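K.L.:
The following block contains the structure, expressed as structure tokens.
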Amino acid sequence: MEDTQYNVNQPNPAIAKLVFTIREKCRMCYTCVRECPAKAIRIAGGQAEVITERCIACGNCIKVCSQNAKVFRREIDPVTKLIQSGAKVIALVAPSFPAEFADIPDHKVFVGMIRKLGFRHVTEVAFGADLVARKYKEQLDNGLPAISSDCPAIVSYIERYYPDLVGNLAEVVSPMVAMARVVRSIYGVDSILVFIGPCLAKKAESKEIDNAITFRELREMFNDSRINPKSITPSEFDPPLSGRGAIFPLSHGLLNTMEVTEDILSENVIVAGGKANFQDALREYEQGNLRGHHVHLLCCEGCIMGPGMSPYLNTSASSNRYAKKARIINYANAKMAVIDRDEWQKNLDEYSKLDLSRSFKSIDMRGVRPSNEQIREVMFRMGKYGPGDYLNCGACGYDSCEEHAVAILSGLAETEMCLPYSIEKLHKYIRELNISNEKLATVQEALRHSEKLAGMGQLSAGIAHELNNPLGVITMYSNILREEIPQENPIHKDLELIVEQADRCRKIVGGLLNFARKNQVNITEIDLSELAEHSMNSVVIPSNISLILENHLINNKAMLDYDQMTQVVTNLIKNSVEAMPEGGKITLSLSDTDETIFIRVTDNGSGILQEHMDKLFTPFFTTKGIGKGTGLGLPIIYGIVKMHKGDVKVDSNADILKGATGTTFTITLPRKRML
């Protein structure tokens, strides 16, 4: 064994970026946030970004991402170049390999395949596990319980998030580093060491390893080099060979390697594996509940569940756990059945003399917790005003609403990650969108009416102008002839009909001119009550119809065109009268606010058919019989109201099966004319 000096504290000082997000694949499910024990994932702009300084390289986010948006740093090319350079490249294979390479049942074929890639030597890290287990057993026997330090992700987690417990970490290197020191003592310090295993954190654990690849990457190298197990010459691992260390990858593997019973009454050893379990154990250890016990922590539920294992496409990783465990046990039993125990013990005694110690450093990433007032403010923004609103559903990736709020204040999360908040926000947007759509539909309808009225106004003005002169001549000469011819003459009645119809034409032309008039309003301050009374008195009301005024005005004054608004109200009352040939009730209602006036004319007449509602303000459309209407009354009303910057709405029911029939016209006007 060569006399070699080691730096006993060689964690890689450079913070390596090991895990990445492929932004195009990220679907914002927040599963990675939920599964990250270090909360090292920042959500920004709806994308998950790994924060290198906080990341402990546990690989949980890679294992749970169904979209394969999380990937790790690949080392295939650097390792291939090292091999091709002719350097003395030595493989250090993790003891979990039987769980991964079930398709290669003979471990000697597996070793031969690695040699075929060009590795000078192939050693097993399980012997390093034997050495480390002996060190832990010595500490336990000497009453020096501690927190195990063989899992690099756990060490990184404690250094960053439980820095006060750094002094409680066992100052023993991991099996990988222990084996690295053994290999260099055998093959020289110029050896190039490549670790092969299931763990991502190993890629940045120690500078004593030149490179590290996962089992996934090793499979890819086999495929790229077209290495077929059938054409390989079997080969054994290079010595020193391992013993019980082969069982190390299991969740209780360290205990078995130490030959320590799991009987909690006889040994002070507690094992916790998996994200939730190791975090709970650390919390209790910090509280002092576990002092005096040796605590063995694993970030994964055993190394056989590491992120560097190949994913199983047809079944979940958890469903393969026991099959993997069985393969490790079978391999370990087969190994122990043929091992040369004397040789193994000799090697164990010899290499136990190596310095297997290490130290740790505090890298406190906890930060300062925001104040309760700041947290409440964020809660309010998410619509959480009291404990009853704290659902703690975990959809955001955080265990509680308060943790989510702290993450938002720390720049790690966004308010939109809260599912109830986002759903409520979506509902609000939908409601606002519906209102906007309704407003848009109203504006579009008003625009269609305005365009229609404008076109008809131009046409009407032209028609009225052309008809005025001939109608004047017809009216004048028909009246002259009627006066000259005696009443007993039969022609006299014909002349009376001509005069009557000419007068009707004159009224139609007058309506056309009135309809075509634009922005010709004379705005003055008027009394609305007086306007209503005058309009009611201007209409002849049949005896079988009652006309009622309901005046709810707070302020009678308004800026309107008195004559034109009288025409509006009068025409509406006349329409109601004509809609009730059998009699009924008409109500003229006035109400207001500080800025708006409402004029409603309601009748209980026959109502307006639904198919006619869209045509009401169309010029020349009328539901009255031939010769009883020009179809200009409502368009004129609409034009006058629009010139006053107001609005007209109609509610009507003509189907007695749906309730009482009748119609209500509502005129909405600004109290002061809007220029």
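K.L.:
Quick one: count up the residues across the range 376-394 that are surrounded by 17 or more Cβ atoms within 10 Å (Cβ to Cβ) and under 15 Å from the mean Cα position of the chain (by Cα).
P.N.:
Looking only at the range 376-394, we keep the residues that are surrounded by 17 or more Cβ atoms within 10 Å (Cβ to Cβ), and these are 378-379, 382, 384.
Subsequent filtering for residues that are under 15 Å from the mean Cα position of the chain (by Cα) retains 382.
Of the residues in the range 376-394, 1 are surrounded by 17 or more Cβ atoms within 10 Å (Cβ to Cβ) and under 15 Å from the mean Cα position of the chain (by Cα).
K.L.:
Within the range 550-577, how many residues are over 53 Å from the mean Cα position of the chain (by Cα) and outside any helix (DSSP H, G or I)?
P.N.:
Here is the first cut: in the range 550-577, the ones over 53 Å from the mean Cα position of the chain (by Cα) are 550-551, 556-557, 561-577.
Now drop any that are not outside any helix (DSSP H, G or I), which leaves 550-551, 556-557, 561.
The total comes to 5.
K.L.:
Take the residues in the range 197-250 that are part of a loop (DSSP other than H, G, I, E, B) and within 36 Å of the chain's Cα centre (by Cα); name whichever of them is nearest to His107 (Cα to Cα). I'd like the intermediate steps shown before the answer.
P.N.:
First, pick out the residues of the range 197-250 that are part of a loop (DSSP other than H, G, I, E, B): 198-200, 205-210, 225-228, 232-243, 248-250.
Checking which are within 36 Å of the chain's Cα centre (by Cα) leaves us with 198-200, 205.
Details: Pro198: 17, Cys199: 20, Leu200: 23, Glu205: 27 Å.
Here the residue is Pro198.
K.L.:
Looking only at helices (runs of 4 or more DSSP H) that fall completely inside the range 9-96, which ones have 1 or more residues that are over 17 Å from Met417 (Cβ atoms), among the hydroxyl-bearing types (Ser, Thr, Tyr) and over 26 Å from the mean Cα position of the chain (by Cα)? Let's see the steps before the verdict.
P.N.:
Details: elements: 31-35, 60-64, 76-84.
It comes to 76-84.
K.L.:
Just wondering, is there one or more residues in the range 567-587 that are polar (S, T, N, Q) and either outside the structural domain of Ile637 (by TED's automatic domain parsing) or within 16 Å of Val521 (Cα to Cα) (or both)? Walk me through it before giving the result.
P.N.:
To start, the set of residues in the range 567-587 that are polar (S, T, N, Q) comprises 567, 570-571, 575-576, 587.
Retained after the next criterion (residues that are either outside the structural domain of Ile637 (by TED's automatic domain parsing) or within 16 Å of Val521 (Cα to Cα) (or both)): 567.
The answer is yes; a qualifying residue exists.
K.L.:
State whether one or more residues within the range 256-273 are at pLDDT 90 or above, assigned to a helix (DSSP H, G or I) and more than 25 Å from Asp106 (Cα to Cα).
P.N.:
no
K.L.:
Continuing with this model, one more query. Please list, ordered by first then second residue, the pairs with beta carbon atoms under 7 Å, 6 or more apart or interchain, first in the range 650-669 and in the same structural domain as Leu560 (by TED's automatic domain parsing) and farther than 14 Å from Gly605 by Cα, second among the basic types (Lys, Arg) and surrounded by 13 or more Cβ atoms within 10 Å (Cβ to Cβ).
P.N.:
Thr666/Arg600
K.L.:
Report, by residue number, each residue of the range 375-417 that is aliphatic (A, V, I, L, M) and either more than 15 Å from Arg34 (Cα to Cα) or not in a loop (DSSP other than H, G, I, E, B) (or both). Quick ask: steps written out before the conclusion?
P.N.:
First, pick out the residues of the range 375-417 that are aliphatic (A, V, I, L, M): 375, 378-379, 382, 391, 395, 405-409, 412-413, 417.
Scanning the range 375-417 gives Ile375, Val378, Met379, Met382, Leu391, Ala405, Val406, Ala407, Ile408, Leu409, Met417.
K.L.:
Filter the range 649-675 for residues that are modelled with pLDDT of 90 or more and closer than 29 Å to Lys507 by Cβ and give the result.
P.N.:
Once the filter is applied, which keeps residues that are modelled with pLDDT of 90 or more and closer than 29 Å to Lys507 by Cβ, the range 649-675 yields Lys649, Val650, Ser652, Gly662, Thr663, Thr664, Phe665, Thr666, Ile667, Leu669.
K.L.:
Right, next: Take the residues in the range 524-540 that are surrounded by 16 or more Cβ atoms within 10 Å (Cβ to Cβ) and among the β-branched types (Val, Ile, Thr); name whichever of them is modelled with the highest pLDDT.
P.N.:
Result: Ile526.
K.L.:
Does Val269 satisfy the condition of being of a type in the set (A, V, I, L, M, F, W, C) and surrounded by fewer than 12 Cβ atoms within 10 Å (Cβ to Cβ)? Working first, answer last.
P.N.:
Numbers: of a type in the set (A, V, I, L, M, F, W, C): yes; surrounded by fewer than 12 Cβ atoms within 10 Å (Cβ to Cβ): no.
No: the conditions fail for Val269.
K.L.:
Looking at (1) surrounded by 14 or more Cβ atoms within 10 Å (Cβ to Cβ); (2) within 23 Å of Met176 (Cα to Cα), which is the only condition Lys81 fails?
P.N.:
Just one mismatch for Lys81, condition (1).
K.L.:
Return the pairs, sorted by first residue and then second, in which the second residue is hydroxyl-bearing (Ser, Thr, Tyr) and surrounded by fewer than 20 Cβ atoms within 10 Å (Cβ to Cβ), the first residue lies in the range 386-415 and is at negative phi and at pLDDT 90 or above, the beta carbons are less than 8 Å apart, and the residues are 6+ apart or on different chains.
P.N.:
Pairs found: Ser400/Tyr390; Cys401/Tyr390; Glu402/Tyr390; Ile408/Thr415.
K.L.:
Within the range 416-436, track down each residue that is free of Cβ contacts under 8 Å to residues at least 60 places away in the same chain and buried (at least 17 other Cβ atoms within 10 Å of the Cβ). Break it down stepwise before answering.
P.N.:
Just the residues of the range 416-436 that are free of Cβ contacts under 8 Å to residues at least 60 places away in the same chain, to begin with: 418-436.
Passing the criteria: Cys418, Tyr421.
K.L.:
Name every residue in the range 98-142 that is assigned to a helix (DSSP H, G or I), hydrophobic (A, V, I, L, M, F, W, C) and under 17 Å from Ile192 (Cα atoms), in order of residue number. Step through it out loud before you land on a result.
P.N.:
First pass over the range 98-142, keeping only residues assigned to a helix (DSSP H, G or I): 98-100, 107-116, 126-141.
When the remaining residues are screened for being hydrophobic (A, V, I, L, M, F, W, C), the result is 99, 109-111, 113-114, 126-127, 129, 131-133, 140.
Of everything in the range 98-142, just one residue is assigned to a helix (DSSP H, G or I), hydrophobic (A, V, I, L, M, F, W, C) and under 17 Å from Ile192 (Cα atoms), namely Ile114.
K.L.:
Scan the range 362-384 for residues that are touching a Lys or Arg at 6+ places or on another chain (Cβ under 9 Å) and small (Gly, Ala, Ser) and jot them down.
P.N.:
If the condition is that a residue be touching a Lys or Arg at 6+ places or on another chain (Cβ under 9 Å) and small (Gly, Ala, Ser), then Ser362, Gly383 are the ones that fit.
K.L.:
Exactly one condition in (1) in contact (Cβ under 8 Å) with a residue 12 or more places away in the chain; (2) farther than 30 Å from Lys63 by Cα; (3) surrounded by 12 or more Cβ atoms within 10 Å (Cβ to Cβ) is false for Ile329; which is it?
P.N.:
For Ile329, the failing item is (2).
K.L.:
Oh, and also: One residue is enough: does the range 64-80 have a residue meeting the conditions within 24 Å of Ile186 (Cα to Cα) and without any contact (Cβ under 8 Å) to a residue 60 or more places away in the chain?
P.N.:
So far as the range 64-80 goes, no, none of its residues is within 24 Å of Ile186 (Cα to Cα) and without any contact (Cβ under 8 Å) to a residue 60 or more places away in the chain.
Yes/no per residue for (1) closer than 30 Å to Arg73 by Cα; (2) touching a Gly at 6+ places or on another chain (Cβ under 6 Å); (3) surrounded by 12 or more Cβ atoms within 10 Å (Cβ to Cβ); (4) modelled with pLDDT of 90 or more:
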| site | (1), (2), (3), (4) |
| --- | --- |
| Asp280 | yes, no, yes, yes |
| Leu297 | yes, no, yes, yes |
| Cys303 | yes, no, yes, no |
| Arg321 | yes, no, yes, no |
| Lys335 | no, no, yes, no |
| Leu356 | yes, no, yes, yes |
| Arg369 | no, no, no, no |
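The values are calculated or read from the model by the stated rules, or taken from the named source; none is laboratory data. Since this is a predicted model, take the numbers as computed values, not measurements. Quick reminder, even Gly has a Cβ in these numbers, built from the backbone with ideal geometry, and neighbours come from all protein chains shown.
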